[in-house]
Amino acid sequence: MNTGRRVFALLVVAVVLALPLHANAQRTQAVTVYKSPTCGCCGEWVKHLKSNGFKVEAHDVADLDPIKQKLGVRPELASCHTATVGGYTIEGHVPASDIRRLLAERPKDAKGLAVPGMPVGSPGMETGPAQPYATLLFDKAGGTRVFARH
């Protein structure tokens, strides 16, 4: 095989081997988290996201209410931290698997996901026996529906 063909063949192999790496890099979603600087469970949720492949940028803020209002999180959906990813709002201890599903399915009119309150057993709240909880999808019209049960 001449040198030109050998170089071409090596380039083809390099591109084929690099494709999965490029695809995985594109799947890594950046999540921006707003949380209290003193909340331990918020930090644990951030660790949960990172361990599930998300790139997280966390911001400690003194008052989350203006952020929640700006992002359309109604009081009945509220929890201890608020995040954004892929154009959606994520409120509370939402499992990484639910966020991935939201990003894959992109339901029509979805504004985001919420796990209201701080249910024991949810990501970041593994402090005792897990209690059942639901991840709610909230939409732009103000409606909610169960997105997943845990």
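What's the carbon and sulfur percent of segment 54-146's accessible surface, probe 1.4 angstrom, rounded to a whole number? Carbon and sulfur together cover 52 percent of it.
The Stokes-Einstein estimate for segment 60-150, based on a Kirkwood radius over Cα pairs and taken at 20 °C with 1.002 mPa s viscosity, is a diffusion coefficient of 162 µm²/s. Here segment 59-100 is treated as a sphere whose radius is the Kirkwood value from Cα pairs; by Stokes-Einstein at 25 °C and 0.890 mPa s it diffuses with a coefficient of 226 µm²/s. Beta-bridge orientation, segment 78-128: approximately 50 percent antiparallel, per DSSP, counting only bridges with both partners inside. Within the assembled protein chains, the solvent-accessible surface assigned to Cys80 is about 20 Å², based on a 1.4 Å probe. Going by accessible surface with a 1.4 Å probe and the largest first, Thr82, Thr38 read Thr38, Thr82. Figure note: Arg106, Arg149, Arg100 ranked by solvent-accessible area, largest first, 1.4 Å probe, ligands and nucleic acids not counted: Arg149, Arg106, Arg100.
Accessible area per residue for segment 29-148 in Å², computed with a 1.4 Å probe and the full protein assembly in place, what is it?
48 Å²
The values are calculated or read from the model by the stated rules, or taken from the named source; none is laboratory data. Predicted model only: the values in this text are computed from it and were never measured. Each accessible area value is taken on the protein alone, full model and side chains, heavy atoms only, with ligands, DNA and RNA left out. Shrake-Rupley method; radii C 1.70, N 1.55, O 1.52, S 1.80 Å.
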